[in-house]
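**Student:** To start, I am sharing the structure in question, which I have written as structure tokens.
The values are calculated or read from the model by the stated rules, or taken from the named source; none is laboratory data. The model shown is predicted, which means the values in this text are computed figures rather than measured ones. Cβ coordinates were reconstructed from backbone atoms using ideal geometry, including for glycine residues, and neighbour counts include every protein chain displayed. Accessible surface areas use protein heavy atoms only, side chains included; no ligands, DNA or RNA. Shrake-Rupley method; radii C 1.70, N 1.55, O 1.52, S 1.80 Å.
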Amino acid sequence: MISNQILQSTIDGIKNIARVELSVYDIDGKLLAGTFSDAVKYERIAGAFSESDAENQETKGCQMFKIKDESRPEYLLLVRGNSDDAYMVGRMAVFQFQNLIVAYKERFDKDNFIKNLLLDNLLLVDIYNRAKKLHIEINAKRIVFIVETKNEKDNGALETIRSLFVTKTRDFITAVDEKNIIIVRELAANETYEDMDKIARTVLDMLNTEAMSSAKISYGTVVNEIKEVSKSYKEAKMALDVGKIFYSEKNIIPYNHLGIGRLIYQLPLPLCKMFIREIFDGQTPDELDDELLTTINKFFEYSLNVSETSRQLYIHRNTLVYRLDKLEKTTGLDLRKFEDAITFKIALMVVKYMKYMESIDY
């Protein structure tokens, strides 16, 4: 349950204080951590002690102890020396490890609760009962972030994020699949969405510098009760998907900034295909040549302003007008007219959405 790294750092700390050598074994007698080089030689002794009924015993110049999880032995502790001081150090170490087991169990229970909460696997009565048992505040403002890493099982990214929130005891860091790290953040009374954007930026900056991991991060809306956390999670998940389709250049995607992309994402594919077919008579906007598409995108970027768009493209105004006339002949849409421009812009987004959904199905 406790990682070997934590076991090792704990006995190293005890050794530095008490000046005695220690080692920890699993219940089968296999060495997990030790402060002296030949600790593996005691595996047979540890195995024999595990099978005995004794809670502790002195053997071959060592003190042996059983570390229990409630009434069941979980680890075996060896302290070199047969003095009263060695025995006292052993008892103190057992007490420390048993407290660590309790803390890790509570963390595991909370992690399991948060995962089931996010995935809507709990009844309402279970949510309140388990939250109370785990000392989790029910009526608190929370928001869910999803950090999608480039690589699966990116433990470096997970540990980096945990270290960032280590002092925030009311926040939860977990994962529900191989690539996504979930942050359930409890908000202070004066925190706003602007603060959430700063947190997202800080997380990304830390991942880039410390974990050397590129990532995208999305977040949902603020909820006021524990039972609504899954709603914020679903919003963050949608934001991540919508961001991949329509805002691929962005690394931070808030749910409440998705705009029209959110509406298109919820359209059924048959309706999208019907729309494209009716507007373009069997063609699709992305079948246009690259030069024309670049011109159209710049035209949208500069708010349908012919003069500014031609300046940005380093072309004569008449050249831009010619290209817009060419588009009108091809599609029947004059982008200088607001209604036609809106229709074409939506069509471009619908085509992106259709291609994304078809790639997932494939």
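**Student:** Which residue, of Phe113, Phe95, is assigned to a helix (DSSP H, G or I) and open to solvent by less than 40 Å² (accessible area, probe 1.4 Å)? Outline the logic, then answer.
**Tutor:** Details: Phe95 fails: open to solvent by less than 40 Å² (accessible area, probe 1.4 Å).
Among Phe113, Phe95, only Phe113 is assigned to a helix (DSSP H, G or I) and open to solvent by less than 40 Å² (accessible area, probe 1.4 Å).
**Student:** Further question: If you scan the stretch 1-30, which residues turn out to be assigned to a strand (DSSP E or B) and of a type in the set (A, V, I, L, M)?
**Tutor:** Step one: filter the stretch 1-30 for residues assigned to a strand (DSSP E or B), giving 22-26.
Residues satisfying the conditions are Leu22, Val24.
**Student:** Filter the stretch 53-66 down to the residues that are assigned to a strand (DSSP E or B) and surrounded by fewer than 21 Cβ atoms within 10 Å (Cβ to Cβ) and list them by number. Let's see the steps before the verdict.
**Tutor:** Keep residues of the stretch 53-66 that are assigned to a strand (DSSP E or B), which gives 56-59, 62-66.
Of everything in the stretch 53-66, those that are assigned to a strand (DSSP E or B) and surrounded by fewer than 21 Cβ atoms within 10 Å (Cβ to Cβ) turn out to be Asn56, Gln57, Glu58, Thr59, Lys66.
**Student:** Scan the stretch 67-92 for residues that are open to solvent by 60 Å² or more (accessible area, probe 1.4 Å), touching a residue at least 24 places away in the same chain (Cβ under 8 Å) and part of a strand (DSSP E or B) and jot them down. Spell out how you get there, then give the answer.
**Tutor:** At the first step, the residues of the stretch 67-92 found to be open to solvent by 60 Å² or more (accessible area, probe 1.4 Å) are 70-72, 80, 82, 84-85, 87-88, 91-92.
Checking the rest, the ones that are also touching a residue at least 24 places away in the same chain (Cβ under 8 Å) come to 80, 82, 85, 87, 91-92.
Of everything in the stretch 67-92, just one residue is open to solvent by 60 Å² or more (accessible area, probe 1.4 Å), touching a residue at least 24 places away in the same chain (Cβ under 8 Å) and part of a strand (DSSP E or B), namely Arg80.
**Student:** I'm trying to understand the selection: among the residues of the stretch 331-356, which are surrounded by 15 or more Cβ atoms within 10 Å (Cβ to Cβ), out of contact with any Cys (no Cβ under 9 Å at 6 or more places or on another chain) and part of a helix (DSSP H, G or I)?
**Tutor:** Passing the criteria: Thr331, Asp340, Ala341, Thr343, Phe344, Lys345, Ile346, Ala347, Leu348, Met349, Lys352, Tyr356.
**Student:** Another question about this same structure. Picking from Gly261, Gly243, which residue would you name as being assigned to a helix (DSSP H, G or I), in contact with a strand residue (DSSP E or B) (Cβ under 7 Å, 6 or more places away or on another chain) and either under 29 Å from Asp325 (Cα atoms) or not acidic (Asp, Glu) (or both)?
**Tutor:** On the way: Gly261 fails: in contact with a strand residue (DSSP E or B) (Cβ under 7 Å, 6 or more places away or on another chain).
Testing whether each residue is assigned to a helix (DSSP H, G or I), in contact with a strand residue (DSSP E or B) (Cβ under 7 Å, 6 or more places away or on another chain) and either under 29 Å from Asp325 (Cα atoms) or not acidic (Asp, Glu) (or both) leaves just Gly243.
**Student:** Of the residues that sit in the stretch 303-324 and are outside any helix (DSSP H, G or I) and within 17 Å of Phe338 (Cβ to Cβ), which one is least open to solvent (accessible area, probe 1.4 Å)? Spell out the reasoning first.
**Tutor:** To start, the set of residues in the stretch 303-324 that are outside any helix (DSSP H, G or I) comprises 303-305, 314-316.
In the following step, the residues that additionally are within 17 Å of Phe338 (Cβ to Cβ) were identified as 303-305.
Numbers: Ser303: 97, Leu304: 50, Asn305: 70 Å².
Once the filter is applied, the top-ranked residue is Leu304.
**Student:** Shifting gears a bit: Can you confirm whether Ile146 is part of a loop (DSSP other than H, G, I, E, B) and in contact (Cβ under 8 Å) with a residue 60 or more places away in the chain?
**Tutor:** Taking the combined requirement at face value, the residue does not satisfy it.
**Student:** Also, I was wondering about something else. What are the pairs, 6+ residues apart or on separate chains, where a residue within the stretch 235-261 that is within 16 Å of Glu194 (Cα to Cα) has its Cβ under 9 Å from a residue that is open to solvent by 10 Å² or more (accessible area, probe 1.4 Å) and basic (Lys, Arg)?
**Tutor:** Pairs found: Asn251/Arg201; Asn251/Lys216; Ile252/Arg201; Ile252/Lys216; Ile253/Lys216; Ile253/Lys244; Tyr255/Arg262.
**Student:** Would you pick out the residues in the stretch 305-356 that are among the basic types (Lys, Arg) and either in contact with a His (Cβ under 6 Å, 6 or more places away or on another chain) or within 26 Å of Ile260 (Cβ to Cβ) (or both)? Break it down into steps so the answer makes sense when it comes.
**Tutor:** As a first pass, look at the stretch 305-356 and keep what is among the basic types (Lys, Arg): 311, 317, 323, 326, 329, 336-337, 345, 352, 355.
Result: Arg323, Arg336, Lys337, Lys345, Lys352, Lys355.
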